[in-house]
Amino acid sequence: MPDALFSPAAARNAAFIAEVLKRVLPPSGFVLEIASGSGEHAVHFARALPALIWQPSDPDESARRSIVAHTRAAGLANIRSPLTIDTTRQPWPVARSDAVVAINMIHIAPWDATIGLMAGAEETLVEGGVLYLYGPFREDDAHTAPSNAAFDDSLRARNASWGIRDVEAVAAAARAHDLHLDERVVMPANNLSLIFRRGRRGPAVDREAAS
(Lines give C-alpha, C1' and ligand atoms only; values in the text may rest on other atoms or scores of the structure.)
Protein backbone atom coordinates (compact mmCIF):
# COMPACT_ATOMS: atom_id res chain seq x y z
CA MET A 1 0.00 0.00 0.00
CA PRO A 2 2.25 2.81 -1.22
CA ASP A 3 -0.12 5.60 -0.14
CA ALA A 4 -0.87 4.16 3.30
CA LEU A 5 0.39 6.01 6.37
CA PHE A 6 0.83 4.31 9.74
CA SER A 7 0.46 5.87 13.17
CA PRO A 8 1.89 4.10 16.24
CA ALA A 9 -0.48 6.11 18.44
CA ALA A 10 -3.52 4.92 16.45
CA ALA A 11 -2.38 1.33 16.81
CA ARG A 12 -2.03 1.76 20.59
CA ASN A 13 -5.28 3.57 21.37
CA ALA A 14 -7.80 2.28 18.80
CA ALA A 15 -9.08 -0.64 20.89
CA PHE A 16 -9.56 1.51 24.01
CA ILE A 17 -11.39 4.21 22.06
CA ALA A 18 -13.56 1.63 20.31
CA GLU A 19 -14.80 0.30 23.65
CA VAL A 20 -16.02 3.79 24.59
CA LEU A 21 -17.55 4.38 21.17
CA LYS A 22 -19.47 1.10 21.34
CA ARG A 23 -21.17 2.40 24.46
CA VAL A 24 -21.84 6.05 23.55
CA LEU A 25 -22.58 5.96 19.82
CA PRO A 26 -26.00 4.97 18.50
CA PRO A 27 -26.37 1.32 17.42
CA SER A 28 -26.78 2.44 13.81
CA GLY A 29 -26.52 5.67 11.85
CA PHE A 30 -24.00 8.02 10.28
CA VAL A 31 -20.73 9.05 11.95
CA LEU A 32 -18.56 11.90 10.69
CA GLU A 33 -14.90 11.69 11.68
CA ILE A 34 -12.95 14.95 11.63
CA ALA A 35 -9.16 14.90 11.08
CA SER A 36 -9.06 11.19 10.33
CA GLY A 37 -5.32 11.18 9.69
CA SER A 38 -3.95 7.89 8.41
CA GLY A 39 -7.39 6.23 8.30
CA GLU A 40 -6.41 3.40 10.66
CA HIS A 41 -8.97 4.53 13.24
CA ALA A 42 -11.72 4.66 10.62
CA VAL A 43 -11.02 1.06 9.60
CA HIS A 44 -10.83 -0.17 13.20
CA PHE A 45 -14.07 1.53 14.23
CA ALA A 46 -15.97 0.62 11.07
CA ARG A 47 -15.02 -3.02 11.63
CA ALA A 48 -15.94 -2.89 15.33
CA LEU A 49 -19.26 -1.11 14.68
CA PRO A 50 -20.53 -2.57 11.40
CA ALA A 51 -24.05 -1.08 11.65
CA LEU A 52 -22.62 2.46 11.53
CA ILE A 53 -21.68 4.27 8.34
CA TRP A 54 -18.27 5.88 8.90
CA GLN A 55 -17.46 9.09 7.02
CA PRO A 56 -13.76 10.00 7.33
CA SER A 57 -12.40 13.42 6.47
CA ASP A 58 -9.11 15.30 6.53
CA PRO A 59 -7.89 18.61 5.09
CA ASP A 60 -4.57 17.00 4.08
CA GLU A 61 -4.38 15.28 0.68
CA SER A 62 -1.78 12.71 1.75
CA ALA A 63 -4.02 11.72 4.68
CA ARG A 64 -6.99 11.28 2.34
CA ARG A 65 -4.92 9.04 0.07
CA SER A 66 -3.92 6.98 3.09
CA ILE A 67 -7.55 6.66 4.19
CA VAL A 68 -8.47 5.34 0.73
CA ALA A 69 -5.57 2.85 0.82
CA HIS A 70 -6.48 1.48 4.26
CA THR A 71 -10.17 1.31 3.35
CA ARG A 72 -9.50 -0.64 0.17
CA ALA A 73 -7.21 -3.06 1.98
CA ALA A 74 -9.82 -3.65 4.68
CA GLY A 75 -12.61 -4.29 2.19
CA LEU A 76 -15.26 -2.74 4.41
CA ALA A 77 -18.50 -1.51 2.85
CA ASN A 78 -19.45 0.88 5.68
CA ILE A 79 -16.63 3.41 5.14
CA ARG A 80 -17.32 6.30 2.76
CA SER A 81 -14.71 8.03 0.60
CA PRO A 82 -12.89 10.72 2.61
CA LEU A 83 -14.06 14.32 2.47
CA THR A 84 -11.99 17.49 2.61
CA ILE A 85 -13.07 19.31 5.77
CA ASP A 86 -11.31 22.24 7.40
CA THR A 87 -13.29 22.91 10.58
CA THR A 88 -12.68 26.66 10.34
CA ARG A 89 -14.60 26.80 7.06
CA GLN A 90 -18.37 26.59 7.21
CA PRO A 91 -20.60 24.99 6.11
CA TRP A 92 -19.26 21.46 6.11
CA PRO A 93 -20.16 19.20 3.16
CA VAL A 94 -22.32 16.99 5.43
CA ALA A 95 -25.90 17.97 6.11
CA ARG A 96 -26.68 15.58 8.97
CA SER A 97 -24.88 13.14 11.24
CA ASP A 98 -25.71 11.09 14.30
CA ALA A 99 -22.23 11.56 15.75
CA VAL A 100 -19.05 13.56 15.15
CA VAL A 101 -15.70 12.10 16.24
CA ALA A 102 -12.41 14.02 16.54
CA ILE A 103 -9.38 12.17 17.89
CA ASN A 104 -6.10 13.89 18.77
CA MET A 105 -7.11 16.95 16.80
CA ILE A 106 -7.68 20.06 18.89
CA HIS A 107 -4.21 20.23 20.45
CA ILE A 108 -2.52 20.02 17.04
CA ALA A 109 -4.49 22.93 15.57
CA PRO A 110 -5.18 26.59 16.38
CA TRP A 111 -7.97 27.35 18.84
CA ASP A 112 -10.06 28.59 15.90
CA ALA A 113 -10.23 24.97 14.75
CA THR A 114 -11.89 23.99 18.05
CA ILE A 115 -14.42 26.81 17.69
CA GLY A 116 -15.08 25.68 14.13
CA LEU A 117 -15.48 22.09 15.27
CA MET A 118 -18.18 23.14 17.73
CA ALA A 119 -19.97 25.30 15.17
CA GLY A 120 -19.92 22.56 12.54
CA ALA A 121 -21.04 19.91 15.00
CA GLU A 122 -23.97 22.07 16.08
CA GLU A 123 -25.10 22.44 12.48
CA THR A 124 -24.54 18.79 11.58
CA LEU A 125 -25.63 16.77 14.60
CA VAL A 126 -29.17 15.61 15.19
CA GLU A 127 -30.79 16.47 18.52
CA GLY A 128 -29.12 14.33 21.17
CA GLY A 129 -26.28 13.49 18.76
CA VAL A 130 -22.80 12.79 20.14
CA LEU A 131 -19.62 14.80 19.75
CA TYR A 132 -16.71 12.61 20.88
CA LEU A 133 -13.27 14.09 21.59
CA TYR A 134 -10.16 12.15 22.58
CA GLY A 135 -6.71 13.31 23.54
CA PRO A 136 -4.65 14.94 26.30
CA PHE A 137 -6.31 17.76 28.22
CA ARG A 138 -5.49 20.12 31.06
CA GLU A 139 -7.84 20.19 34.06
CA ASP A 140 -8.19 22.79 36.81
CA ASP A 141 -5.50 24.91 35.17
CA ALA A 142 -2.90 22.13 35.32
CA HIS A 143 -1.55 19.24 33.28
CA THR A 144 -2.66 15.79 34.37
CA ALA A 145 0.87 14.31 34.09
CA PRO A 146 4.48 15.51 33.63
CA SER A 147 4.57 13.75 30.24
CA ASN A 148 1.63 15.87 29.08
CA ALA A 149 3.40 19.05 30.20
CA ALA A 150 6.48 18.06 28.18
CA PHE A 151 4.29 17.21 25.19
CA ASP A 152 2.57 20.59 25.48
CA ASP A 153 5.95 22.35 25.45
CA SER A 154 6.96 20.45 22.31
CA LEU A 155 3.70 21.34 20.57
CA ARG A 156 4.06 25.05 21.34
CA ALA A 157 7.68 24.98 20.18
CA ARG A 158 6.51 23.62 16.83
CA ASN A 159 3.62 26.08 16.50
CA ALA A 160 2.72 28.76 19.03
CA SER A 161 -1.00 28.38 18.22
CA TRP A 162 -1.01 24.69 19.18
CA GLY A 163 -1.19 23.23 22.67
CA ILE A 164 -3.07 20.98 25.07
CA ARG A 165 -6.45 22.56 25.82
CA ASP A 166 -8.24 23.04 29.12
CA VAL A 167 -11.33 20.86 29.54
CA GLU A 168 -13.16 23.84 31.02
CA ALA A 169 -12.42 26.02 27.96
CA VAL A 170 -13.43 23.27 25.56
CA ALA A 171 -16.67 22.66 27.46
CA ALA A 172 -17.46 26.40 27.43
CA ALA A 173 -16.84 26.58 23.67
CA ALA A 174 -19.14 23.58 23.22
CA ARG A 175 -21.93 25.05 25.35
CA ALA A 176 -21.94 28.15 23.14
CA HIS A 177 -23.04 25.80 20.34
CA ASP A 178 -25.64 23.80 22.32
CA LEU A 179 -23.21 20.93 22.97
CA HIS A 180 -23.14 19.81 26.59
CA LEU A 181 -20.52 17.70 28.34
CA ASP A 182 -22.26 14.46 29.23
CA GLU A 183 -19.37 12.25 30.22
CA ARG A 184 -15.64 12.33 30.95
CA VAL A 185 -13.76 9.04 30.65
CA VAL A 186 -10.20 8.60 31.93
CA MET A 187 -8.21 6.74 29.27
CA PRO A 188 -4.80 5.05 29.27
CA ALA A 189 -1.62 7.12 28.77
CA ASN A 190 -2.99 10.25 30.47
CA ASN A 191 -5.69 10.90 27.87
CA LEU A 192 -9.39 11.63 28.22
CA SER A 193 -12.53 10.89 26.26
CA LEU A 194 -15.02 13.76 26.39
CA ILE A 195 -18.57 12.99 25.28
CA PHE A 196 -20.85 15.91 24.44
CA ARG A 197 -24.48 15.72 23.39
CA ARG A 198 -26.30 18.28 21.30
CA GLY A 199 -29.19 19.89 23.14
CA ARG A 200 -29.00 17.59 26.13
CA ARG A 201 -28.08 19.21 29.44
CA GLY A 202 -27.12 17.36 32.57
CA PRO A 203 -24.26 16.78 35.01
CA ALA A 204 -21.22 15.15 33.43
CA VAL A 205 -20.49 11.57 34.54
CA ASP A 206 -16.92 10.46 35.25
CA ARG A 207 -15.77 6.99 34.20
CA GLU A 208 -12.46 5.19 33.82
CA ALA A 209 -11.65 3.08 30.80
CA ALA A 210 -10.18 -0.38 31.21
CA SER A 211 -6.41 -0.40 30.83
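Couple of notes before you dig in:
- Pairs where the first residue, in segment 181-203, is in a strand (DSSP E or B) and surrounded by 18 or more Cβ atoms within 10 Å (Cβ to Cβ) and the second is at pLDDT below 95 and of a type in the set (D, E), C-beta under 8 Å, 6+ apart: E183/D206; R184/D206; V185/D206; V185/E208
- Test result for H44, at pLDDT 95 or above, within 21 Å of Y134 (Cα to Cα) and part of a helix (DSSP H, G or I): yes
- Subset of segment 18-64 that is closer than 23 Å to E127 by Cα and β-branched (V, I, T) - its residue that is surrounded by the fewest Cβ atoms within 10 Å (Cβ to Cβ): V24
- Condition met for A160 (without any contact (Cβ under 8 Å) to a residue 40 or more places away in the chain, in a loop (DSSP other than H, G, I, E, B) and of a type outside the set (S, T, N, Q)): yes
- Qualifying residue in segment 14-29 (condition: modelled with pLDDT under 95 and basic (K, R)): no
- Checked against (1) over 26 Å from R197 (Cβ atoms); (2) without any contact (Cβ under 8 Å) to a residue 24 or more places away in the chain, R23 meets all criteria but (1).
Conditions tested, residue by residue: (1) crowded, with 17+ Cβ neighbours inside 10 Å; (2) closer than 23 Å to R197 by Cβ; (3) modelled with pLDDT under 95.
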site: S66; (1), (2), (3): yes, no, no
site: I79; (1), (2), (3): yes, no, no
site: I85; (1), (2), (3): yes, yes, no
site: R96; (1), (2), (3): no, yes, no
site: I106; (1), (2), (3): yes, yes, no
site: L117; (1), (2), (3): yes, yes, no
site: A121; (1), (2), (3): yes, yes, no
site: G128; (1), (2), (3): no, yes, no
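- Within segment 106-122, none of the residues are part of a strand (DSSP E or B), touching a residue at least 12 places away in the same chain (Cβ under 8 Å) and of a type outside the set (F, W, Y).
The values are calculated or read from the model by the stated rules, or taken from the named source; none is laboratory data. From a predicted model like this one, the values you see are computed outputs, not experimental measurements. Counting neighbours? That spans all protein chains shown, and the Cβs are built from the backbone with ideal geometry, glycine included.
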